[in-house]
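Okay, structure first, notes after.
The values are calculated or read from the model by the stated rules, or taken from the named source; none is laboratory data. Because the structure is predicted, anything quoted here is derived from the model rather than measured. All Cβ positions, even for glycine, are placed from backbone atoms using ideal geometry, and neighbour counts span all protein chains on display. Note: areas computed on protein heavy atoms with side chains; ligands, DNA, RNA excluded. Shrake-Rupley method; radii C 1.70, N 1.55, O 1.52, S 1.80 Å.
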Amino acid sequence: MPLELVTLPALSDNYTYLLHDSQSGDTACIDVPEAGPILDELSKRGWTLTEIWLTHHHHDHVGGVDDLLAQYDAKVTGAKADRHRLPSLNREVAEGDAFEFGGEVVEVLDVSGHTIGHVAFVLPESGYAFTADSLMALGCGRLFEGTAAQMWESLQKLAALDPETLICSGHEYTQANARFAITIDPDNSDLKDRIKRINSKRDSNEPTVPSKLSEEAATNPFLRAADPAIMAHLDMIGAEPVDVFAEIRARKDRF
Ligand code: ZN
Ligand code: FE
């Protein structure tokens, strides 16, 4: 049985996630845009928060940590590289580290690009990857600190995970991402089908995340920079995938 996963909207377009192990009663929260929705959900379910995992230092991912810690004695995990700009950490992690939660291994990947020091938390057994502002549904995070090459390398690490992995990303940006994706990959029938599903979900105010990695591989233009149809559409046949990725990212910034 996979660990129980709860997806919670927060602030205007963020997501936070709860991960619960019914055996031990341990509950982790991944990113804390604000405490309110998390505190409400914990009390509704009768869960005690034991851990907080932070992907990166941006305020919309850490802003509610102090308010959570005022209620729960939770252990805080985040990137060692970002300890100077994250809330105070009880566990500092880096690429290749692993720790245990709910009887499962949690692997840490450095997925720099959006920021330098952004990490992802991967649970291979349950099949979850908490990617925040690295790989997103039909998108990827804007390059605030890293280069296109760094983000491309980060995306390759995530693309190598089990295709069934659920990508738990940080924002509801999927409809806007879809409007852009179709300009890069206009003949992709999987993408067209996915856009219909996305629009109907949003019409009924349902989250479009998490999304399956296999679906991202088939439809997310930022993962598909090596695809011949995309290279042809961008007039970049024969170019390095990293350069195609950089072009797609630059076009998204101007979109
Ligand atoms: Zn961010
Ligand atoms: Fe964010």
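Tabulated data for the structure shown
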item	result
Sites residue 66 and residue 189 - FRET efficiency at Förster radius 51 Å, r taken between beta-carbons, to 0.05	0.60
Region 1-44, relative contact order [Cα under 8 Å, separation at least 6], %	32 percent
Debye, to nearest 20: dipole size of the chain, +1 on Lys, Arg Cβ, -1 on Asp, Glu Cβ	660 debye
Total charge dipole magnitude, region 1-109, about the Cα centre, Cβ charges on Lys, Arg, Asp, Glu only, Debye to nearest 20	180 debye
Sequence ranges 41-47, 229-235, ranked by mean other-Cβ count within 10 angstrom, highest first	229-235, 41-47
Dipole magnitude of region 60-131, debye to nearest 20 (Cβ charges: Lys/Arg +1, Asp/Glu -1, about Cα centre)	220 debye
Cα pair distances exceeding 15 angstrom across region 85-133, given as percent	48 percent
Which of 168, 182, 134, positive extreme of dipole for region 126-191 (C-beta unit charges)	134
Estimated [θ] at 222 nm from DSSP helical runs (n ≥ 4, -39500 (n - 2.57)) normalised by residues in the chain, nearest 500	-9500 deg cm²/dmol
Radius, Kirkwood style, for region 196-255 when every pair of distinct Cα atoms is counted (Å)	13.0 Å
Positive dipole terminus of region 1-111, leading residue within 6, 94, 64 (C-beta point charges)	64
Cα-Cα P(r), region 166-231, percent of pairs per 5 Å interval	4, 17, 30, 27, 15, 5, 1, 0
Charge sum, other residues only, whose C-beta stays under 9 Å from residue 19's C-beta, Lys/Arg counted +1 and Asp/Glu -1	-4
Taking the convex hull of Cα positions in region 127-255, its mean projected area over all directions (nm²)	7.2 nm²
The chain, relative contact order [Cα under 8 Å, separation at least 6], %	13 percent
Net charge over other residues, Cβ less than 10 angstrom from the Cβ of residue 165 (K, R count +1; D, E count -1)	-2
Amide hydrogen neighbours beyond the local backbone of residue 136, cut-off 5 Å, H modeled	141
Probe 1.4 Å, accessible area per residue of the chain, Å²	43 Å²
Alpha carbon centroid spacing (whole Å) that separates region 193-214 from region 111-149	20 Å
Distance violations [Cα-Cα > 28 Å] among 80/201; 80/157; 157/192; 44/192	80/201; 44/192
Highest to lowest packing among 219-225, 145-151, 156-162, scored as the average C-beta count within 10 Å	219-225, 145-151, 156-162
Alpha-carbon Rg with Dmax, taken over region 1-59, Å	11.2, 34
Proximal charge balance of residue 226 [Cβ under 13 Å; K/R count +1, D/E count -1]	-4
The chain, accessible surface, carbon-and-sulfur percent (1.4 angstrom probe)	47 percent
Angstrom value of the Kirkwood radius, inverse mean 1/r, which spans all Cα pairs in the chain	18.5 Å
By average C-beta atoms within 10 angstrom, highest first, the peptides 111-122, 69-80, 189-200	111-122, 69-80, 189-200
Derived scalar couplings ³J(HN,Hα) [region 88-94; Karplus, 6.51 cos²θ - 1.76 cosθ + 1.60; whole Hz; x for Gly, Pro]	5, 9, 9, 9, 9, 10, 8
